[in-house]
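K.L.:
Below is the structure I would like to discuss, written out as structure tokens.
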Amino acid sequence: MSAVVELTGVSKWFGDTVALSDVSFALGAGVTGLLGHNGAGKSTALSLLAGFSRPSQGSVRVLGVDPHTDAGVNRGLGVVSDGEGTWAHASARSQVEFLARQRGVRDPRGAARQALARVGLAEAADRRVGGYSKGMRQRVKLAQALVHDPQVLLLDEPLNGLDPAQRRADVDLVAALGAEGRTVLVSSHVLAEVERMADRVLVVVNGRLVAEGEPAGIRDLLVDRPRTLRLDGTRVAELAGLLLAEGLVVAVRTDPDGRGVVVETPRAAGLADAVPALARRAGATLRRVEPVGEDLESTFAHLVRAARGAGR
Amino acid sequence: MCVRVSIETAGPPGLECVQVSKTFGSVRALDRLSVAFTAPATGLLGANGAGKSTLLRTALGLSRPDSGQLRVLGLDAVAQRREVRRRVGYMPEHPCLPADLSAQDVCVQLARMRGLGRRDAVRRTSEVLFAVGLEEERRRPVGSYSLGMQQRTKLAQALVHGPDLVLLDEPTSGLDPAGREEMLTIVRRLSADLGIRVIASSHVLEDIERTCDEVVVLRAGTLAAQRPVLVEQQLTGPVDVLVSGDVGEFARALEPLLAPLGVRLAPTASGDIGLDRSSDAALDVVRDLAAERGVGLLHLVPAARGLEDVVVDAMGVHGG
Amino acid sequence: MAEQPQAGTAPRAVLHDIRYSRWSGSLRPRSSAVASFVASSVRRPLGLRRSAGSKVWPFLLLAVAYLPSLAVVAVPLLVPQVTLQPTQLISYATLLATNSVVLLAFVATAIPSMLTRDRRDRVLSLYFATAVSWVEYLVGTALAALSLLAIIVLGPLLVLFVGSIATADDPGRWVADNIGDLPRIVLAAAVVVLFHTVLGLLVGSLTSRRVFAVGGYLAVVLVAPVVTVLLSTVLSDDWPLALDPASGPVRLAGSIVDRAVSGPGALAWVVWTVVVVGGSAVVAARYSRGSDA
């Protein structure tokens with residue numbers, strides 16, 4: 001069974017600039033995060049998937065067809081792209097209804113009402129979009145992408161301009177959209193939020209795909225990544241000394257803010273096993289045992305460093 | 001209800017509002033707002049339309065309040081405008097740099113307009129551009145810069161005249177993870193090492209958590225919450241524990257040992273063992289049980305109520 | 001405990017901290033700050049300290065403006081048979097009139113953009129929050145505009161004056177006879193320069209799109225002559241010609257500097273005053289309520 005979204009051997013260049021080089025991946029139901037530096041090729045990838053441009057090499061398939069040539073793909077595809085996508089003078093409701101009609105939705109009004117409610121614009125739907133805050137304009141774009149109940153969603157920085165409450169709500173919304181069985185590809189720079197929305201990630205560096213899969217899985221594959229553990233409580237310095245003496249950690253640092261010690265180890269599992277007994281021996285009360293740098297942001301930074309190799 | 005717990009620094013507050021109101025047409029942007037920004041670095045949060053931008057603009061003298069008193073570094077924001085202008089730096093969110101000038105030109109020109117002599121302006125510009133990480137590109141026109149370089153230039157011009165207070169509006173907007181990391185480090189350094197007061201407005205709580213000591217949350221033009229970013233860890237609050245091996249079995253063995261201490265267990269959403277209260281004695285019980293059974297301690301963290309919950313609650317319900 | 005170096009020995013190494021630090025130097029007076037703003041505002045339209053391409057058009061216009069007076073001075077200097085004074089070859093009033101087209105072109109390309117550019121760059125909030133007040137900004141911009149237009153208008157006139165000194169048979173006597181011309185030259189130039197500075201800044205303050213501002217200015221100075229000529233033909237009278245912003249100030253200036261030329265009359269003065277005073281008031285009003293950015 002072919003995947004819902006598929007890139008095979010795709011390269012894209014603009015003159016002498018290589019935007020994407022030999023990228024292949026396949027997406028199914030659920031939310032996938034697309035990570036990469038500015039200029040790494042994320043927007044190009046999204047643009048190819050949306051059908052806005054054609055690859056220089058390779059093939060793009062969305063819902064089984066080439067999105068660039070087959071306009072029918074728009075019925076099953078919802079896109080939130082960067083930049084303005086709304087008209088200032090019309091109300092949110094009218095814009096979303098218009099798009100619903102364009103995509104051939106059977107009940108444009110009802111669908112628009114539902115989409116607006118889902119993104120939290122139910123009350124403000126009849127005001128001019130020109131009077132909206134940036135976050136609300138962003139949500140209009142999201143409603144436009146949802147109104148025709150698409151199977152596939154491409155979201156480029158969908159949380160841009162949203163305040164903390166709206167961000168939290170939309171993170172939950174995106175996760176829910178994936179749980180409903182849609183295929184969602186979301187690109188964002190705030191990696192802590194990507195972790196909450198997406199089960200899998202694709203990491204693009206310098207136009208090439210360097211990692212794909214679950215964040216924890218990618219993390220575990222990075223072999224020369226130092227594992228760091230923060231320990232706080234009473235007599236943690238003595239505990240750290242014991243860990244060092246037993247050869248379980250290779251480095252010990254005291255935290256400058258006074259929050260205990262930070263130890264570094266090549267073997268995280270062995271360390272976790274040894275901590276309780278050694279803590280008892282040292283008479284240390286453990287008030288905090290916390291792995292540091294296990295989040296997606298650290299993983300991403302490490303991936304990029306590793307990908308670069310010798311560079312800065 | 002407004003929670004006030006603040007961190008004090010020496011000297012006048014960076015920004016102080018006393019019953020400040022400002023109305024635009026029919027919209028009450030600021031409604032008798034009273035707040036004092038005393039911490040070294042404060043995060044300013046609020047829904048769109050809660051009054052954050054109006055507060056910043058009024059503090060910067062771009063708007064006049066209808067009523068109330070506004071003091072910046074102890075100076076009246078309206079009457080002592082010239083002095084305030086000298087001591088404040090501003091990094092706007094919107095693009096604000098002339099595309100045809102280079103970062104160096106922009107900084108030197110602004111430094112001179114702020115009253116620095118030619119030599120001082122040139123020297124300071126060189127230092128500040130190096131500090132924000134602009135190297136050879138500083139001589140190219142700003143129009144050719146990437147977003148990250150533009151943000152750095154904006155920050156550099158805010159610092160070139162040695163202000164005592166910097167107002168940053170969405171400093172990491174549009175930056176990729178590496179750029180965000182660098183910007184946050186620089187911002188943290190401003191208040192931690194250089195003693196410059198910082199007021200940062202951002203929608204990304206993580207940025208505020210990493211750079212600020214205190215948050216101020218606005219709602220509908222008034223103060224909804226003001227509290228430190230890091231709450232002192234209570235030694236008796238709830239704690240989440242995760243062990244290697246069979247978590248359920250460990251929890252079952254742990255429960256009767258903690259019951260005499262008045263601690264109850266419950267599983268958490270992420271599969272940890274949650275202790276509803278703790279004490280050093282209780283934590284030692286956990287440690288000793290793990291040691292006896294040869295079970296590894298994967299993590300043990302105080303489950304304090306996150307900043308996000310507090311802030312979102314304070315902001316009120318806003319369209320979802 | 002640090003070791004004390006032996007008396008007479010120098011320390012073996014020193015570290016210098018070059019990290020960015022707080023700065024607490026003394027400040028220059030506001031006049032100096034505004035002066036630097038004026039200087040950079042004068043440099044930008046001329047393309048100085050920028051690419052060669054940005055210098056082409058302004059310097060071309062400058063060349064065209066100075067050419068007549070330079071030529072008229074060069075001829076008697078280089079060709080001994082010509083014994084006429086430069087000022088007999090071309091009078092100040094005529095020079096003003098011939099240069100009016102260049103002036104209009106220069107104003108159109110340089111003056112409105114001094115205001116529209118800052119609005120378009122959205123840099124005003126930075127200026128007014130951390131650098132200058134709106135008064136300092138407008139005064140500085142106006143001074144820069146006046147300086148630029150003085151270069152185009154007053155410069156050629158002064159070349160004529162000074163050139164005449166050089167070509168005169170008896171320079172000392174020529175100066176003594178004609179020194180009274182100098183204040184009149186300056187006043188005449190001021191009449192023209194003030195008018196077009198205010199007009200150019202006025203259209204620049206009304207919009208943030210350079211195209212519209214320049215278009216507005218050109219519309220005024222190109223359409224008005226046609227309209228006023230039509231009016232005066234229809235009414236068989238001269239007075240509508242005084243309303244023409246393209247020629248009115250120039251003729252006013254001409255009448256000042258050369259008493260033989262008849263002026264366009266009191267109505268032209270009224271128009272001049274209304275534009276200069278009223279236009280300044282409008283510009284000030286546009287900027288006094290704070291930043292637009």
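K.L.:
Mind jotting down a quarter of the surface of the convex hull over the alpha carbons of the range A:23-104, in square nanometres, one decimal?
P.N.:
6.9 nm²
K.L.:
Still on this model: Assuming R0 = 51 Å, can you tell me the calculated FRET efficiency for the pair A:Ser298 and C:Arg43, based on Cβ-Cβ distance, to the nearest 0.05?
P.N.:
On the way: r = 48 Å, r/R0 = 0.95.
Rounded to the nearest 0.05, the efficiency is 0.60.
K.L.:
A follow-up question, please. Looking at the range C:181-256, which trypsin sites (Lys or Arg not before Pro) are DSSP coil and have at most 14 other C-beta atoms within 10 Å of their C-beta?
P.N.:
Those that pass, being in a loop and sparsely packed, are C:Arg209.
K.L.:
How far, in degrees from 0 to 90, does helix B:103-113 lean away from the longest principal axis of the Cα atoms of chain B, to the nearest 10?
P.N.:
With both axes taken from Cα atoms, the answer is about 70 degrees.
K.L.:
Hey, another quick one. As a test of the definition: which semi-axes, in Å, follow for the range B:156-295 when you take the square root of five times each eigenvalue of its alpha carbon gyration tensor? Largest first, please.
P.N.:
43, 17, 14
K.L.:
Calculate the length of the line joining the C-alpha centroid of the range C:64-98 to that of the range C:142-163, in whole Å.
P.N.:
One Cα centre to the other: 17 Å.
K.L.:
For B:Gly51, what charge total do you get from the other residues with a beta carbon under 9 Å from its beta carbon, if Lys and Arg give +1 and Asp and Glu give -1?
P.N.:
+3
K.L.:
Averaged over every viewing direction, what's the projected area of the C-alpha convex hull for the range C:149-293? Give it in nm², one decimal, please.
P.N.:
11.1 nm²
K.L.:
Which shape class, rounded, prolate or oblate, goes with the range C:15-161 when its Cα gyration tensor gives a ≥ b ≥ c as root eigenvalues, a/c under 1.5 marks rounded, and past that a/b bigger than b/c marks prolate? Display every interim value, and only then the final one.
P.N.:
Numbers: a/c = 2.78, a/b = 2.29, b/c = 1.22.
It comes out prolate by the Cα gyration axes.
K.L.:
With a ≥ b ≥ c taken as the square roots of the eigenvalues of the C-alpha gyration tensor of the range C:199-254, please select rounded if a/c is under 1.5 and otherwise prolate if a/b is larger than b/c or oblate if it is not? Display every interim value, and only then the final one.
P.N.:
Values: a/c = 3.75, a/b = 2.00, b/c = 1.88.
It comes out prolate by the Cα gyration axes.
K.L.:
Separate question: Report, largest value first, the span of the C-alpha coordinates of the protein assembly as shown along each principal axis, in whole Å.
P.N.:
For the protein assembly as shown, the Cα extents along the three principal axes come out at 118, 93, 56 Å.
K.L.:
Still on this structure, please answer the following. Semi-axes, largest first, in whole Å: what does sqrt of 5 times each Cα gyration tensor eigenvalue give for chain C?
P.N.:
46, 29, 16
K.L.:
Could I ask something else about it? Taking every pair of distinct Cα atoms and averaging 1/r, then inverting, what Kirkwood hydrodynamic radius in Å comes out for the range B:94-135? Spell out each step's value before the answer.
P.N.:
Working: mean 1/r = 0.0943 Å⁻¹.
This gives a value of 10.6 Å.
K.L.:
On to the next question. Return the tail of the calculated pair distribution for the range A:244-312, meaning the percent of Cα-Cα pairs more than 20 Å apart. Don't skip to the end; give the middle numbers.
P.N.:
Numbers: 1006 of 2346 pairs.
So the pairs more than 20 Å apart make up 43 percent of the total in the range A:244-312.
K.L.:
Considering only the other residues whose Cβ falls under 11 Å of the Cβ of A:Val79, what net charge follows from Lys and Arg at +1 and Asp and Glu at -1?
P.N.:
With Lys, Arg at +1 and Asp, Glu at -1, the net is -1.
K.L.:
Using alpha carbon centroids, what distance separates the range A:36-64 and the range B:35-82, in Å?
P.N.:
Centre-to-centre (Cα) distance: 45 Å.
K.L.:
Also, I was wondering about something else. Find the Rg to Rh ratio for chain A, where Rh is the Kirkwood radius over alpha-carbon pairs and Rg uses the same atoms.
P.N.:
1.08
K.L.:
Which Rg and Dmax, in Å, describe the Cα atoms of the range C:28-101?
P.N.:
18.1, 57
K.L.:
Further question on the same structure: Expressed as a whole number of Å, what is the distance separating the alpha-carbon centroids of the range B:250-279 and the range A:205-273?
P.N.:
Measuring centre to centre over Cα atoms gives 26 Å.
K.L.:
Between helix A:236-245 and chain A, what is the angle of the helix's C-alpha long axis to the longest principal axis, kept within 0 to 90° and rounded to the nearest 10?
P.N.:
Tilt of helix A:236-245: around 80 degrees.
K.L.:
Just to compare against my own numbers: the Cα pair-distance distribution for the range A:161-292, 5 Å bins, whole % per bin, please.
P.N.:
2, 9, 15, 15, 11, 11, 12, 11, 8, 4, 1
K.L.:
Give the order of C:Ile165, C:Ile179, C:Ile152, B:Ile196 when sorted by the count of other beta carbons within 10 angstrom, beginning with the fewest.
P.N.:
C:Ile179, C:Ile165, B:Ile196, C:Ile152
K.L.:
Give the whole-number value, in cubic angstrom per residue, of the convex hull volume spanned by the C-alpha atoms of the range B:207-284.
P.N.:
Hull volume normalised by residue count: 151 Å³.
K.L.:
In addition: Assuming a ≥ b ≥ c are the square roots of the Cα gyration tensor eigenvalues, decide whether the range B:239-302 counts as rounded (a/c under 1.5), prolate (otherwise, with a/b larger than b/c) or oblate.
P.N.:
Numbers: a/c = 1.40, a/b = 1.11, b/c = 1.27.
Rounded, since a/c falls under 1.5.
K.L.:
Taking every pair of distinct Cα atoms and averaging 1/r, then inverting, what Kirkwood hydrodynamic radius in Å comes out for the range B:121-189?
P.N.:
In the range B:121-189 this quantity evaluates to 12.4 Å.
K.L.:
Something else about it: Which value, to two decimals, describes the C-alpha radius of gyration of chain B once divided by 2.2 N^0.38 Å? List each step's numbers first, then the result.
P.N.:
Working: Rg = 24.1 Å, N = 320, 2.2 N^0.38 = 19.7 Å.
Its radius of gyration relative to the 2.2 N^0.38 Å reference: 1.22.
K.L.:
So, with +1 on the Cβ of K and R and -1 on the Cβ of D and E, and no other charges, what is the size of the charge dipole of the range C:31-287 about its Cα centre, to the nearest 20 debye?
P.N.:
In total the dipole reaches around 1160 debye.
K.L.:
Another question, if that's okay. Based only on other Cβ atoms within 10 Å, what is the fewest-to-most ordering of B:Asp246, C:Asp181?
P.N.:
B:Asp246, C:Asp181
K.L.:
With an 8 Å Cα cut-off and a minimum separation of 6 or more residues, compute the relative contact order for the range B:87-162 in percent.
P.N.:
After rounding, I find 48 percent.
K.L.:
Please list the radius of gyration and Dmax for the range B:127-233, considering alpha-carbon atoms only, with Å as the unit.
P.N.:
14.9, 49
K.L.:
If you don't mind, there's one more thing I want to ask. Nearest 10 degrees is fine. How inclined is helix B:177-192 to the longest principal axis of chain B, computing both from alpha carbons?
P.N.:
80 degrees
K.L.:
A follow-up question, please. Counting other beta carbons within 10 Å of each residue's own, what order do C:Arg30, A:Arg139 fall into, fewest first?
P.N.:
Ascending number of Cβ neighbours within 10 Å: C:Arg30, A:Arg139.
K.L.:
Within a 10 angstrom radius of each residue's Cβ in A:282-290, how many Cβ atoms of other chains show up on average? Whole number is fine.
P.N.:
Per residue, the average neighbour count from other chains is 6.
Any read-out appearing in this document is the output of simple, stated calculations on the displayed coordinates, not a laboratory observation. Only a predicted model underlies this, so the values are computations on that prediction, with no experimental measurement involved. Neighbour counts run over all protein chains shown; Cβ positions are idealised from the backbone, glycine included.
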